[in-house]
Structures are given as structure tokens and as C-alpha cells.
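Student: Before we start, here is the structure in question, set down as C-alpha cells.
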2 protein chains.
Amino acid sequence: MLLGLDPGSRVTGYGVIEAANPIKPRYIECGVLKASEKLSLENRVYEIACGVREVIEEFRPQSVAMEDLFVQRNVRSALKLGQIRGALLFVVAEAALQVYSYSPATVKKTVTGRGRASKAQIQQMVKTLMGLKQTPALDASDALAVALCHARHAKRFVKGSANSKLEFK
Amino acid sequence: MLLGLDPGSRVTGYGVIEAANPIKPRYIECGVLKASEKLSLENRVYEIACGVREVIEEFRPQSVAMEDLFVQRNVRSALKLGQIRGALLFVVAEAALQVYSYSPATVKKTVTGRGRASKAQIQQMVKTLMGLKQTPALDASDALAVALCHARHAKRFVKGSANSKLEFK
């Protein structure tokens with residue numbers, strides 16, 4: 001079981017997949033964790049991290065994948081995002097799980113074939129790849145995309161040769 | 001007992017003071033938590049947050065004060081700092097403690113009288129205010145400064161009237 005996370009200070013998406021057969025990963029669950037906008041950032045960070053901890057306790061994934069932070073145009077948003085990501089790193093490590101980070105471009109390219117795919121394109125591709133009848137929320141789709149990206153790379157890692165060596169950026 | 005924290009992705013400072021008499025706060029302890037530079041950021045975040053958790057368990061402070069993040073020139077550093085801060089927010093909240101955030105300018109102004117004081121000036125002022133014989137490390141001084149800032153403001157808060165109302169920015 002793999003858990004993908006898409007951290008956000010208001011909404012954090014999560015996606016759980018089974019990738020025992022990495023060529024045909026299986027959808028397990030996805031969803032979004034929302035923190036009330038009335039709360040301070042400090043309290044939102046805690047609330048969302050507690051939600052992720054519950055997801056980990058429920059699904060007991062073997063590993064966790066998360067997007068790396070990149071330098072965004074909006075620095076204030078990036079700082080909030082950094083704080084959420086840091087709290088999630090802590091709860092993942094506290095559960096004795098390894099976290100794997102992928103750049104947003106790697107996730108997009110792995111899932112859609114294009115490093116600059118839109119969120120809507122990722123959503124549609126995730127829906128198709130996972131054989132879902134309903135369209136998952138955007139943040140949940142992003143989380144599933146990170147999990148799928150990790151499943152693909154983890155497969156290469158297991159069977160890896162020198163030139164398929166993973167680069168966790 | 002108040003705990004001040006100065007989060008950093010390589011070195012995080014902590015300072016513990018007793019402020020039962022807020023006019024004359026008493027020095028208890030200070031120090032720095034270092035994470036090996038060989039570790040990934042993800043692992044450094046975890047290591048430092050675990051160190052802060054140990055400090056909390058040892059000194060059992062009533063509340064915690066931390067500097068707010070501000071938009072730095074170096075955005076990459078700010079993103080790393082954000083992740084450390086997020087993990088610390090989590091361990092503080094997990095210990096059922098309230099965290100109080102102060103802007104760097106408020107901390108400097110409260111401790112030295114000048115909002116643009118240098119780190120060395122803060123260090124000297126903290127040494128004097130706490131009556132220390134030895135000069136604490138810069139990051140430990142910053143952490144003591146945040147704790148002192150909180151002691152000052154918490155005092156105003158307790159005795160507060162409408163126009164001394166605290167603004168936690």
C-alpha cells in the first residue's frame with residue numbers, strides 16, 4: 001500500500017493505492033482533509049497533520065510519496081505550504097515510514113507524459129488509470145498522481161540497473 | 001516556564017526561562033539542536049523536531065513562543081525554514097501547548113528597543129538581561145529573546161486593558 005499526499009494549508013489531498021503489481025496499481029481510497037479557515041495557520045497545520053496521521057493508522061501504507069516544494073511565484077503561499085509539509089514529514093517519520101519526494105514536473109510527466117500538464121488533465125488521467133467511475137476532487141487526484149508516480153519509480157528501483165537509478169530530487 | 005524556539009534547518013535554538021515574575025524573568029537553560037548536514041532535509045526536520053520534543057518533556061513549559069516566518073530574500077532557505085517550523089508547530093500542539101508567534105521585528109524591539117538590531121546586539125542584550133556569565137550561542141540567544149519577548153507581552157496580556165491588547169501577528 002502506498003500513500004500519496006498533496007499538502008495544502010487549507011486542503012490536503014491523500015490517495016491510497018495498492019501497487020503489489022506495479023504495472024497495474026489498484027485504487028484503494030482518496031479524499032481531502034480540510035482545516036477551517038477560521039483557525040490560525042498554527043492550528044490548521046496541527047489539524048491537517050492529525051488527519052494524515054489517522055489516514056496512516058487506517059491504511060498502514062508501506063511508504064509515503066509527497067511532492068517536493070518548488071519556488072512559487074507567491075512566496076507567502078509557499079511559506080504556508082512549507083509549514084504543512086514539515087508537519088506531515090514529522091507524522092510520516094514518526095510512523096517509521098520513509099517519505100519519497102518527487103518534483104511536480106516528475107509527477108506530471110510520469111502520470112500524463114507531459115511535465116506541464118494542468119490539474120484538470122491530471123485529474124482525468126488519474127480517473128482513467130485507476131478506473132474510477134466518479135471524478136475525484138482535484139487535490140485528491142494530485143495525491144493519487146504522486147502515489148502512482150512513486151509506484152512507477154519504485155518498480156524501476158526494485159528492478160533497477162545503473163541507468164534506471166532513481167533520483168529523488 | 002516559557003520555551004522560546006528559533007527554528008533553523010541546520011541549527012534550531014531553544015531557550016527556557018521562568019517568568020512567574022515577568023518583570024524579572026529568570027534564566028533556566030538554553031542550547032542548540034543540530035542535525036547532521038549529511039541527512040536529507042526530510043530527516044533533518046524529523047531529527048530537530050524530536051529534539052524539541054525532548055526539551056518540552058524535560059522542562060514542561062506552560063507555553064511556547066516562536067518567531068513568525070517572514071518573506072526572506074532567499075526563498076529556498078525560507079522554504080526549508082517553513083518545513084522545520086511546521087514540524088515544531090506539530091510537536092508543540094501535540095504536547096497540548098499553545099504557541100505564540102511574534103514577528104522578528106517585535107522580538108528585536110522588545111528585547112533591545114530597536115526593531116533592526118543585529119544578532120550580535122541581541123546576544124549581548126540577552127546575556128545582560130539574563131545575567132549570564134558566558135555568552136550563549138547566537139541561535140540560543142535568539143531563542144531566549146523570543147521567550148523574553150513573550151514574557152513581556154504575556155504580562156501585558158494578563159494585566160491587559162483594551163489598548164494593551166496583544167496582536168499576535
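Student: Condition first: free of Cβ contacts under 8 Å to residues at least 60 places away in the same chain, of a type in the set (D, E, K, R) and within 14 Å of chain A (Cβ to nearest Cβ). Can you find one or more residues in the range B:102-109 that meet it?
Tutor: No, every residue in the range B:102-109 fails to be free of Cβ contacts under 8 Å to residues at least 60 places away in the same chain, of a type in the set (D, E, K, R) and within 14 Å of chain A (Cβ to nearest Cβ).
Student: Here's a follow-up. Any residue in the range B:115-130 that is without any contact (Cβ under 8 Å) to a residue 12 or more places away in the chain, facing chain A (nearest Cβ under 9 Å) and either touching a Lys or Arg at 6+ places or on another chain (Cβ under 9 Å) or not in a helix (DSSP H, G or I) (or both)?
Tutor: Among the residues of the range B:115-130, not one is without any contact (Cβ under 8 Å) to a residue 12 or more places away in the chain, facing chain A (nearest Cβ under 9 Å) and either touching a Lys or Arg at 6+ places or on another chain (Cβ under 9 Å) or not in a helix (DSSP H, G or I) (or both), which makes the answer no.
Student: Which number in (1) over 19 Å from A:PRO136 (Cα atoms); (2) out of contact with any Phe, Trp or Tyr (no Cβ under 9 Å at 6 or more places or on another chain) marks the one condition that A:LEU79 misses?
Tutor: (2)
Student: Filter the range B:89-101 down to the residues that are part of a helix (DSSP H, G or I) and more than 8 Å from every other protein chain (Cβ to nearest Cβ) and list them by number.
Tutor: Of everything in the range B:89-101, just one residue is part of a helix (DSSP H, G or I) and more than 8 Å from every other protein chain (Cβ to nearest Cβ), namely B:VAL92.
Student: Within the range B:30-85, count every residue that is under 24 Å from B:ALA105 (Cα atoms), at the interface with chain A (Cβ under 7 Å from one of its Cβ atoms) and either touching a residue at least 24 places away in the same chain (Cβ under 8 Å) or not basic (Lys, Arg) (or both).
Tutor: 9
Student: Output yes when any residue across the range A:132-143 is among the basic types (Lys, Arg), over 30 Å from B:ILE48 (Cβ atoms), in contact (Cβ under 8 Å) with a residue 40 or more places away in the chain and out of contact with any Pro (no Cβ under 6 Å at 6 or more places or on another chain), and no when none is.
Tutor: No: the range A:132-143 contains no residue that is among the basic types (Lys, Arg), over 30 Å from B:ILE48 (Cβ atoms), in contact (Cβ under 8 Å) with a residue 40 or more places away in the chain and out of contact with any Pro (no Cβ under 6 Å at 6 or more places or on another chain).
Student: Would the range B:48-56 turn up any residue that is at pLDDT below 95 and touching a Lys or Arg at 6+ places or on another chain (Cβ under 9 Å)?
Tutor: The answer is no; no qualifying residue exists.
Student: Hey, B:ALA20 hits all of (1) under 20 Å from A:GLY82 (Cα atoms); (2) at pLDDT below 95 but one; which does it fall short on?
Tutor: With (1) under 20 Å from A:GLY82 (Cα atoms); (2) at pLDDT below 95 applied to B:ALA20, the lone miss is (1).
Student: Farther than 16 Å from A:GLU54 by Cα and either touching a residue at least 12 places away in the same chain (Cβ under 8 Å) or within 10 Å of the chain's Cα centre (by Cα) (or both): is that true of A:PRO22 in this structure?
Tutor: Against the criterion (farther than 16 Å from A:GLU54 by Cα and either touching a residue at least 12 places away in the same chain (Cβ under 8 Å) or within 10 Å of the chain's Cα centre (by Cα) (or both)), A:PRO22 qualifies.
Student: Moving to a separate point now. Take the conditions within 19 Å of A:ILE17 (Cα to Cα) and in contact with a Cys (Cβ under 9 Å, 6 or more places away or on another chain) and apply them to A:VAL107. Does it pass?
Tutor: The answer is yes for A:VAL107.
Student: How many residues are in contact with a Ser or Thr (Cβ under 9 Å, 6 or more places away or on another chain) and buried (at least 21 other Cβ atoms within 10 Å of the Cβ) when one looks only at the range B:9-31?
Tutor: Adding up the residues that qualify gives 3.
Student: List the number of the failed condition for A:LEU39; all other conditions in (1) touching a helix residue (DSSP H, G or I) at 6+ places or on another chain (Cβ under 8 Å); (2) surrounded by fewer than 16 Cβ atoms within 10 Å (Cβ to Cβ); (3) modelled with pLDDT of 95 or more hold.
Tutor: In the conditions (1) touching a helix residue (DSSP H, G or I) at 6+ places or on another chain (Cβ under 8 Å); (2) surrounded by fewer than 16 Cβ atoms within 10 Å (Cβ to Cβ); (3) modelled with pLDDT of 95 or more, A:LEU39 misses (3) alone.
Student: Can you spot a residue in the range B:22-29 that is of a type outside the set (Phe, Trp, Tyr) and within 14 Å of chain A (Cβ to nearest Cβ)?
Tutor: Within the range B:22-29, none of the residues are of a type outside the set (Phe, Trp, Tyr) and within 14 Å of chain A (Cβ to nearest Cβ).
Student: A further question follows. Given the conditions (1) more than 14 Å from chain A (Cβ to nearest Cβ); (2) in contact with a strand residue (DSSP E or B) (Cβ under 6 Å, 6 or more places away or on another chain); (3) in a helix (DSSP H, G or I), report the number of the one that B:PRO136 does not fulfil.
Tutor: With respect to (1) more than 14 Å from chain A (Cβ to nearest Cβ); (2) in contact with a strand residue (DSSP E or B) (Cβ under 6 Å, 6 or more places away or on another chain); (3) in a helix (DSSP H, G or I), B:PRO136 is out only on (3).
The values are calculated or read from the model by the stated rules, or taken from the named source; none is laboratory data. These numbers were taken from a predicted model, which means no experiment stands behind them. Cβ: placed from backbone, ideal geometry, glycine included. Neighbour counts: every protein chain shown.
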